[in-house]
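Read the structure below first, then the notes.
Each value in this text was obtained by applying a stated rule to the coordinates, not by laboratory testing. This structure is a prediction, so every number in the text was calculated from the model and none was measured. Cβ: placed from backbone, ideal geometry, glycine included. Neighbour counts: every protein chain shown.
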Amino acid sequence: MHRPLFENRRQFLSNVAMLGLAGLTGLAGCGGGGDAGGMNGGMNMGGAGLPSPGVTGSGVLRTLSVLSGNTLTAAAGRYDLGGGSRDGANLYNGLWPSPLIRLASGGVLDLTLQNQLNEPTNIHWHGLAAAPGMDGHPMEVVAAGASRRYQFPVFERPGTYWYHPHPHQMTARQVYSGLAGMLIIDDGNDARRGLPTGARDIALVLADKRVSNGALVYQPSVMDMMTGWMGNVLTVNGMAGPVTANVDAAVIRLRLLNASNSRILNPALSGGRVFWLTATDGGLLAAPVPVTSVLLAPGERIEVLLDLRNEAGQRVRLTSANFAAMGNSMMGSAPPHGSAFDVIDFVVANTAAVNPGTIPATFSPIARFDPAATTVTRVFELTEMNGMMAGQHRINGVLYNPARVDFLVRRGDQERWQFINRGMEPHPMHVHGTQFQVLSRDGSEGRRLATDFGWKDTVLVRPFESVEIALRFVVSANYVLHCHNLEHEDDGMMLNFNVV
Ligand code: C2O
Ligand code: CU
Ligand code: CU
């Protein structure tokens, strides 16, 4: 049974209180809904929304710490968003942001989660086809105080993936409170491919947060549940953005993860500079593609190359450029999708770089699914109802029921899935257990986005849009498919399927 939103929200709040999330002055008045207290008096923006274009950075980019050892301990911890160190986050190994996991392709993931939270949690390895029981399925949780060893072979392509908790109806809050990290699969051949490595390979975890007087706030109203919880500060590797980074006058690789609960980003460079899209969720494209902006929905990753060889002495700014408003975001209590803000300023060295690199001409071709080989077609209709009730976000008219298996998929079969968005909110649809290919948007191959030409595990389905994908599973396990707007997911926009 799906709990009504009211109980849901009460549960959020009691957990927020239990975990000490934020010095929530607004918490006492939580019964009334409405503004969560984050907008006005927010330290970075004085109520104006995300930082305005042109605001200079709050500090020099912190690089992600790489996980050492094989244990991820989830526990309450501290964070600092510029207003001093505070209690109230949940962290892996005490780190804000979460540690970067590096895996060798063809190796084995072998990591133990120790749950020192006061509630169940688990870990989902987003983008990887985990073995049975290892996927972080919403019902496969690790009780408070318990631990669990995750172990399965990693056969995915080299690329940028991530990991985060996925417990039933608690995913959004746990991710938001600091449990979300990047995971890189590496086969050691990137230098041979002509890709930047080392200090020229920069990992950026992007997530918006609602910050009030330096404190994280998570207190979704009914309206916020409709839009998803959106922040007034974009964090970059856990720092309140925008930030700065010193780089060589060379070709630079960025790995971008949108770990926001619901905000869609639109990475772009200052001055309308062209940059090169090289990889999507499931690794490298067939060749770099020139772009001036790329929509990046929650859950998605991209890798891009910036050509800074002729930019010595310049400041090149990565922004999230504005884009046509999607959804009814204005109804929430934070700046809507599509507003522009700065992310990071690259301060380029004054002198020419040694070995500045090049933009590679090609990578390896991607074998495309042959649509004629489809054995099964499935349609998923995405709806939301704008009434003041729980469970607005549904797939094929139903809410997620953990006890119900919604469909079975035969391992090895090539399937064609169609997502049809019947509403006015964008839904980044995510499938566990495989990588897929996008066949068309609104029935047209020509309407596909630049990111649609790579392997994907999450695809943005815009208001009233339909998207067709082709996919095949090679691991038999119990998986889910859901909207990666995490408030929508927790509201019920998820289905179970078993690969048999
Ligand atoms: Cu990144 Cu099912 O999630
Ligand atoms: Cu996933
Ligand atoms: Cu959604």
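Taking a ≥ b ≥ c as the square roots of the Cα gyration tensor eigenvalues, segment 271-326 comes out oblate, since a/c reaches at least 1.5 and a/b does not exceed b/c.
Taking a sphere under 15 Å around the Cβ of residue 113 and counting the other residues whose Cβ falls inside, with K and R at +1 and D and E at -1, yields a net charge of -2.
Between the residues 349, 182, 290, the greatest Cα displacement towards the positive end of the dipole of the chain, with unit charges on the Cβ of Lys, Arg, Asp and Glu, is found for 349.
For the chain, which span is the longest to avoid every loop-located (per DSSP) member of trypsin sites (Lys or Arg not before Pro) having at most 10 other Cβ atoms inside 10 Å?
193-403
Here segment 200-276 is treated as an ellipsoid with the same Cα gyration tensor; its semi-axes, largest first and in whole Å, are 28, 14, 10. Here is the list for segment 146-237: chymotrypsin sites (Phe, Trp or Tyr not before Pro) lying in DSSP coil, each with at most 13 other C-beta atoms within 10 angstrom of its C-beta, are 155.
The dipole here belongs to the chain: it is taken about the Cα centre, uses +1 on the Cβ of Lys and Arg and -1 on the Cβ of Asp and Glu, and is about 320 debye. The DSSP beta bridges internal to segment 353-500 are antiparallel in roughly 75% of cases. Counting only DSSP H runs of at least 4 residues, each contributing -39500 (n - 2.57), and dividing by the residue count of the chain, the helix-based mean residue ellipticity at 222 nm comes to -1500 deg cm²/dmol. Give me the distance between the Cα centres of segment 238-277 and segment 184-232, rounded to whole Å. So the separation of the two Cα centres works out to 10 Å.
Selection among 216, 453, 363 by position relative to the dipole of the chain gives 363 as farthest towards the positive end (Cβ unit charges, Cα centre).
Between residue 474 and residue 351, residue separation times 0.36 nm minus the direct Cα-Cα distance comes to 39.3 nm. Between 324, 500, 123, the Cα set farthest toward the positive side of the dipole of the chain (charges on each charged residue's Cβ, about the Cα centre) is that of 123.
Take the alpha carbon atoms of segment 362-423, find their center, do the same for segment 434-489, and report the distance between the two centers in whole angstrom. Taking the Cα centre of segment 434-489 as reference, the centre of segment 362-423 is 8 Å away. Share of pairwise Cα-Cα distances greater than 43 Å in the chain is 9 percent (whole percent).
Taking a ≥ b ≥ c as the square roots of the Cα gyration tensor eigenvalues, segment 330-449 comes out oblate, since a/c reaches at least 1.5 and a/b does not exceed b/c. Where Lys and Arg each count +1 and Asp and Glu each count -1, what net charge lies around residue 499 among other residues with Cβ under 12 Å from its Cβ? Charge balance in the 12 Å sphere: 0. Taking a cut-off of 14 Å, what percent of all Cα-Cα pairs in segment 88-172 are separated by more than that? Looking at segment 88-172, the distances longer than 14 Å represent 64 percent of pairs.
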